[in-house]
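This report concerns only the one structure given below.
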Amino acid sequence: MSYIQNTDEDRSDMLRSIGASSIGELFETLEDGILVEDGLDLPPPLSEAEVASLFRRIASKNHPASCMASFLGGGIYDRYIPAVVRYVLSRGEFYTSYTPYQAEVSQGTLQAIYEYQTMISRLTGMEAANASLYDGATALAESVIMSCAIKRKSKVLVPRALHPGARAVLESYSKGKSIDIGEVPFLEDGSLDTGMLERSIDGDTSAVVISQPNYFGIIEKAPEISDLVHSKGALLVSYVDPVSLAVLAPPGEYDADIVVGEGQSLGNPQNFGGPLLGFMATKKSYIRKCPGRLISGAVDKDGSRGYVMTLQTREQHIRREKATSNICTNEGLCALSAAVYLSALGEKGFREVAVQSMSKAHALHSMLSDSTYCDLPFSGEFFQEFVIRVSVPAADFCTRAREAGVLAGIPLERDFPELGNRSLLVAVTEKRTKDELQLYRSLIEEIGGSDE
Amino acid sequence: MSKTVFEKGRKGRGGDFIPPNDCPDHRIDLPDSRKTPIGLPQVGEQEVIRHYMDLASKNYSIDRGIYPLGSCTMKYNPLINEEAAGLAGFTGIHPRQRAEDVQGALEVMFELESALCEICGMDSFTLQPAAGAHGELLGMMIAKAYLEEKDPNRKTVLVPDSAHGTNPASVALCGFSPKTVRSNDKGLIDPDELGREIDDKTAVLMLTLPNTLGLFEKDIVEIVEMMHSAGALVYMDGANMNALLGIIRPGEIGIDIMHLNLHKTFSTPHGGGGPGSGPVGVKEHLSDYLPIPRVVREGDSFGLSHDSQRSIGTIHSFFGNFNVFIKAYAYIRRLGAAGLREASENAILNANYLMSILKDHFDLDYPGPCMHEFVISARNLKKYGVRTVDVAKRLLDYGVHAPTVYFPLIVDEALMIEPVETESKEDLDRFAEFMRLIAEEAKNDPELLLEAPVNTPVRRLDEATAARNPDLCWPFD
Amino acid sequence: MVPKDCTFTKEHEWVYVEEGMAVIGISDYASGELGDIVYVELPEPGTNVKQMDPIGTIEAVKTVADIFSPVSGEVTEVNEKVIDSPEVINSDPYGEGWFVKVKMEDPVELDALFSYEEYQEFLGEQEPEDSEENDDEEE
C-alpha cells in the first residue's frame, strides 16, 4: 500500500468519469520501449510494524555521540535540547506545511521565521537576517558571491584556520563564478596573521573572511581586522559560532558587512551532519543583494499586522538566471528549532550555555596544561574549543579513549597536515561534566603513560 | 493578531534547563566580550508552548487538508517516518565519528543510494545536495567538469520556457549561460526547434519530465539522441518523478544526470520551507565527478571514501540532510516496488479525474491525458473582472490551499494542479466543487473573490509597502 | 513632461528633450502594467550608455523589468525622488517619476523611436502582459 485511500471502487468510478478503461490507457501516449518492463528490483514491501523494527535495528548499529562523553566539535556540537523544542517541531501544523506563498494561511510559519530573523539579527548585532540557507558552508559561499557582486570584484581572502568543510564548499562554488580565493596563514599562537593579511589585500579584493572563533577555537582580534579590511576598501565577512555570540562582541559592533555561520548548535540535533542551519545577517543597505527568503512584517486590508515573504524579486522564481542565488527550499524547520530553542532558553539560559561551555573548556585546558603527555600548541585566547597534541598518533588516542566511552576530539591531520598526526581538536560544551573532564585527563595519562 | 514572542514574558523568566556548572569555575575575561544584552525573549516554558501553539493554529498544513500545488507533490508525510528518524541512534551521531560507530547511518545512505539507482535507472547517486536547486547546481557542476575535459567551449545550457526558475538560476550560478527553448503549441519541445538551438557551444539540455504542464515529452528518444550526437548531455529535473515511479526509468531513456526531491516524491515533509533533500544520480561516465566523500561497502561493513581525483569537490559541510534520508528510505522500504508504482498510477489517475471535472469551468489549453499534474487557466473569468490570484484567495475562504498560480510562465492566468495519490476521491470532489462554486461566484458576485480571503487569520497583505520598506526584525529597545 | 511631447521606445520608456538633455522615464502604460512599484535601480551619474542598453531595473512586488536607455550619451543626473519614493512612478510617471537625464550623443537616434501617436498605435497591438504574482513550487 502506498498510503492511498482510494479503493478499487473509487478508481473504477474515476475511470468511468474520465472515459478510460484502465489507468494504463492514460499513459498510452508514451512510446513503447521507454516504459519499464519488469518491476523495480527492490526489497518487498513492509508493514508499518516491520518498518519500525527495521529502523530500530539499523539505529542500534550506531553509537551516538549524544550518549557518550563527546568532545567532538568542528561546527557540530553535542548540546542539550529542551523537550519543548522537540514538541513544537512535532506539530504537523509546522512540519507538514508548505512554503508560505499564500501568506494568509501561513501566518504561523511566517511569524515564527520573522522571530527567528529577529533573534539572528540581535545575536549578530546586524540590521537584517534571512530565513536560512542550507548550512554554514554554503552560507559562506553565498556571502562571498554576494560580496563580489556588491564590490564588482572577484578576489576574496580566507583564513587558513577556517572550517575545512566551509573552505571546500567555497572552492566548489567559486569555480562557477570565477572567484579567486587567497589564503591567510595563522601565527604561532593560532590566530590570524594580520601582517600577512595587510600585505595580501589589493585593489581586486572584494572581501576578507574571518572565522570567529577560528577552526582551532581561537578568538581573533576582530575589531582591528575590521578596521584594516575597511581601510583597504574591502568588505568584512564574519563566519561565527552562534553560541559564542552570547559572550563575544557581536559582529555588528565591529562593523562586519555580512555575518554567516552554522546554526546547528541552536536547538538542532547533530543528525550526522544534516540537516543543518546556515544563517546569514547583513546591513539593510545590502539586503537586495542577499540570497534566501526574507520575511517582513506587513499590514492587511483591515489594518491588522501580519507577515509576508518580501523582496521576492531577488529570488529564482522571478529573477531566474539573474537571481541572487538559486535557493528555493531552505532549512525552515531547523530555523524554527533555533527560534524555539532561543525562546525557551532566553536571555539568561542562552548566556548560561555559552558561559558554561567556555568555562568548562578552560577548565579542561587547565587540567591538561600540566600533563607531560600532551601539549597545547596555541596560546591564543579561545572560546569552547582548543587544539591538543597527544603523545601517540591522534587516531590511536581516539580509538583507545573510545573504549572508555570518550570521543576525544577530531584528528586534524587530514585537513591540516602541517599540524602533524598527533593533533586533535577538542570541544567542550555545557553538557560535559566534571567527571567527564577528569576522565579525559586520566585517559591522557593512561594512554600516554602506557607507551613508555 | 499575535504578539511577537519579544512582547511576551518578563525580565528574568525562562532558561532553566541545565544543571549549574560542576567544574572548577573559570571566570574568563575575554578580549572584546559582549557588553550589551542580546535581546532574546524572557518567557517561561508554558508561555513558549502557548506562543507556538497560537502560531500553529494559523497555519494550513497537509494534516489539515488538500494542497494541490503543482510540482510540489504534497503527499501524506507518514508518521512512522518521523518516528524512525527521531531515534537517538540517528539524531545523536556526530559526522566525524569513526565509521565503526556509525554503521547504521552509512547503511541507510548506501541502501538509499542503491534504491534510488534502481528506481531511476542510474548508475550512482549522491545524497549530498540539501534541496532540489542544490542538486541542479551540482548537476551543472558535474556536467561542466566532464565537458571541460573534452571541450572547454561548451558554455550554454538549453532550458525550456516552461522550466522552474531554479533551472536558469542554477545554470547561471555554475557559470554557464542559459538559453531558452520555446515550447510548441502542444506545450512540448519540438525536435526541429531544438535542432535550431543546438550549436557547438551547447553543453546540456535541462528538462523536466514530465514537464511543468504535466506532459511527457513524446519525442524524448529523438531529443536525447540529438543532444548526445551533438556531444552534449541531458539533465533531468526530477521534481515530477511522482509521475514516473516504476513506469519510466530516466537512466534507461538516456538521461545522463538527474536530481530528485525527497521532500516531494519520497514523502519527506516540506516543513514550511525545508529541510528538503535533492539527491543527484548519474550514469557511469560521470560517476568520477560526484562529490566526496562517497559511502562505500567493504565486505560486511560500510565506510567513507575521500578519494577525489576528478570529483567536483563538495557542496555541503558533510553528507547532505541525513535525517531526511531516513524518512525517504523508510518510505521506499514500506512501499516496495509495487507500492511505488501504485503511487504514480494513482497520482496520474487523480490528476486526470480532477482535470476532467475542472475543464468545464476553466480554460484547458492542453487537453488529452496529463500525467500527475495539469494546468488550467482562469482567463475565462477575466471578463468578470477577476484573475487567478482572486480565485486562489477565495479558495482559502473555502478552507483549502490554492494550487500553484502564475506558473508555468507559458500559460497566462495559470493554475497548476497536482492532487497527489494520497488524496481521497471525496477530497478531490470537494476541491472540484469549490472551484466550480468560485467560477460561479466570479460570474454572479465577483466581489466575493476580489475581497477574499475573509475567513483567514489575516486578509490580503500590503506587499508593496513591505517591499518598499521591509520590516525584517522586531525593534529592540 | 507632457506625453504628447515625448518620444517612446518599444520597451515603454519615454524621452523628452530639453536643451540637448534627454529626460527619461517610463510610460503610464508600463507603470500601470507593473503595478505598485517598490524599487528602482538606476545608473550612477557619469555612466556612459548606448541606445537600448539595459541601464537599470524597476521592481514591482512580484515582477522585475529592465529599463532601457532610449538614447546614447552620458548620465548627468539621477532623480533621487524615485529612489526614495518609488510610488511616484505610479502616480506621476511623466512628471516627478522621471529617472535620469542623459546628455545625448546624437539626437538623430530619436528618429528610430515612436512618436506619441505611433506609441499609442503600438499599444493597441499589444496583449496585456501577464506580469503579476509569480508564486511557485518548491525545489
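The values are calculated or read from the model by the stated rules, or taken from the named source; none is laboratory data. Computed from a predicted structure; not experimentally measured. Cβ placement follows ideal geometry from the backbone for every residue including glycine, while neighbour counts extend to all protein chains displayed.
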- request: Kindly check whether there is at least one residue in segment B:449-469 that is touching a residue at least 24 places away in the same chain (Cβ under 8 Å) and outside any loop (DSSP other than H, G, I, E, B).
  value: yes
statement: Among B:Leu335, B:Leu364, B:Leu340, the single one that is hydrophobic (A, V, I, L, M, F, W, C), within 30 Å of B:Glu111 (Cβ to Cβ) and free of Cβ contacts under 8 Å to residues at least 24 places away in the same chain is B:Leu335
- line: Checking B:Gly187, B:Gly214 in turn, the sole residue that is within 14 Å of chain C (Cβ to nearest Cβ), modelled with pLDDT under 95 and not in a helix (DSSP H, G or I) turns out to be B:Gly214
query: Cβ-Cβ below 6 Å, separation at least six or inter-chain, first residue in segment B:376-405 and in a helix (DSSP H, G or I), second β-branched (Val, Ile, Thr) and buried (at least 19 other Cβ atoms within 10 Å of the Cβ): which pairs?
result: B:Thr388/B:Val405; B:Val391/B:Ile438; B:Ala392/B:Val405; B:Arg394/B:Ile438; B:Leu396/A:Val105; B:Leu396/B:Thr456
- request: Within segment B:43-58, identify whether any single residue is closer than 30 Å to B:Lys264 by Cβ and part of a loop (DSSP other than H, G, I, E, B), and answer yes or no.
  value: yes
query: Could you list, in sequence order, the residues of segment A:40-52 that are loosely packed, with under 11 Cβ neighbours inside 10 Å and either within 11 Å of B:Glu118 (Cβ to Cβ) or at the interface with chain B (Cβ under 7 Å from one of its Cβ atoms) (or both)?
result: A:Asp41, A:Pro44
- request: Select from segment B:116-143 the residues that are assigned to a helix (DSSP H, G or I), surrounded by 24 or more Cβ atoms within 10 Å (Cβ to Cβ) and more than 14 Å from chain C (Cβ to nearest Cβ) and list them in ascending order.
  value: B:Leu116, B:Ile119, B:Cys120, B:Met141, B:Ile142, B:Ala143
Matching residues in segment B:284-337 - criterion: being over 29 Å from A:Tyr173 (Cα atoms) and either in a loop (DSSP other than H, G, I, E, B) or at pLDDT below 95 (or both): B:Glu298, B:Gly299, B:Asp300
- prompt: Does A:Lys348 satisfy the condition of being surrounded by fewer than 21 Cβ atoms within 10 Å (Cβ to Cβ), farther than 26 Å from B:Ser317 by Cβ and at the interface with chain B (Cβ under 7 Å from one of its Cβ atoms)?
  reply: yes
Flag for A:Gly380 being assigned to a loop (DSSP other than H, G, I, E, B) and either at the interface with chain B (Cβ under 10 Å from one of its Cβ atoms) or buried (at least 17 other Cβ atoms within 10 Å of the Cβ) (or both): yes
message: Here is a list: A:Gly297, A:Gly303, A:Gly292. Which entry is more than 8 Å from chain B (Cβ to nearest Cβ) and at pLDDT 95 or above?
response: A:Gly303
query: In the list A:Ser226, A:Ser296, A:Ser244, A:Ser265, which residue meets the criterion of being of a type outside the set (Val, Ile, Thr) and closer than 22 Å to B:Ala464 by Cβ?
result: A:Ser296
query: Failed condition for A:Asp396, given (1) under 30 Å from A:Val353 (Cβ atoms); (2) of a type outside the set (Lys, Arg); (3) surrounded by fewer than 19 Cβ atoms within 10 Å (Cβ to Cβ); (4) within 14 Å of another protein chain (Cβ to nearest Cβ), with all others met?
result: (1)
query: Residue check: is A:Ala112 modelled with pLDDT under 95, assigned to a helix (DSSP H, G or I) and more than 30 Å from A:Arg414 (Cα to Cα)?
result: no
Among the candidates A:Val169, A:Val209, residue that is assigned by TED's automatic domain parsing to the domain that holds A:Thr310 and part of a strand (DSSP E or B): A:Val209
query: So which of B:Gly385, B:Gly339, B:Gly368, B:Gly399 ends up being small (Gly, Ala, Ser), within 22 Å of B:Ile247 (Cα to Cα) and surrounded by fewer than 21 Cβ atoms within 10 Å (Cβ to Cβ)?
result: B:Gly368
- prompt: Taking segment C:79-92, which residues are surrounded by 14 or more Cβ atoms within 10 Å (Cβ to Cβ) and closer than 19 Å to A:Lys289 by Cβ?
  reply: C:Pro86
- prompt: Applying the selection to segment C:1-18, what residues are closer than 17 Å to C:Gly32 by Cβ and among the hydroxyl-bearing types (Ser, Thr, Tyr)?
  reply: C:Thr9
- line: Exactly one of A:Arg57, A:Arg79 is in contact (Cβ under 8 Å) with a residue 60 or more places away in the chain, surrounded by fewer than 24 Cβ atoms within 10 Å (Cβ to Cβ), more than 7 Å from chain B (Cβ to nearest Cβ) and not aliphatic (A, V, I, L, M), and that one is A:Arg79
message: On the basis of being of a type in the set (A, V, I, L, M, F, W, C), touching a residue at least 60 places away in the same chain (Cβ under 8 Å) and touching a Ser or Thr at 6+ places or on another chain (Cβ under 9 Å), does A:Val426 make the cut?
response: no
task: Count, please, the residues in segment A:123-152 that happen to be in contact (Cβ under 8 Å) with a residue 60 or more places away in the chain, over 30 Å from A:Arg414 (Cα atoms) and of a type in the set (D, E, K, R).
output: 2
message: Exactly one of these conditions fails for B:Asp412: (1) charged (D, E, K, R); (2) within 8 Å of another protein chain (Cβ to nearest Cβ); (3) touching a Leu at 6+ places or on another chain (Cβ under 9 Å); (4) surrounded by fewer than 24 Cβ atoms within 10 Å (Cβ to Cβ). Give me its number.
response: (3)
- prompt: Taking segment A:1-39, which residues are among the hydroxyl-bearing types (Ser, Thr, Tyr) and more than 7 Å from chain B (Cβ to nearest Cβ)?
  reply: A:Thr7, A:Ser12, A:Ser21, A:Ser22
statement: Selection over segment A:268-289 where residues are closer than 20 Å to A:Ala338 by Cα and away from chain B (no Cβ under 11 Å) yields a count of 2
- line: Subset of segment B:258-295, residues β-branched (Val, Ile, Thr) and either within 21 Å of B:Met206 (Cα to Cα) or in contact (Cβ under 8 Å) with a residue 40 or more places away in the chain (or both), comes to B:Thr265, B:Thr268, B:Val280, B:Val282, B:Val295
- prompt: What about B:Ser71, is it more than 30 Å from A:Val247 (Cβ to Cβ), part of a loop (DSSP other than H, G, I, E, B) and more than 8 Å from chain A (Cβ to nearest Cβ)?
  reply: yes
- prompt: Has segment C:80-100 got at least one residue that is touching a Pro at 6+ places or on another chain (Cβ under 8 Å), within 14 Å of chain B (Cβ to nearest Cβ) and either part of a loop (DSSP other than H, G, I, E, B) or touching a residue at least 24 places away in the same chain (Cβ under 8 Å) (or both)?
  reply: no
- line: Among A:Glu418, A:Glu446, A:Glu436, the single one that is of a type in the set (Asp, Glu), touching a residue at least 60 places away in the same chain (Cβ under 8 Å), more than 28 Å from B:Asp32 (Cα to Cα) and not in a loop (DSSP other than H, G, I, E, B) is A:Glu436
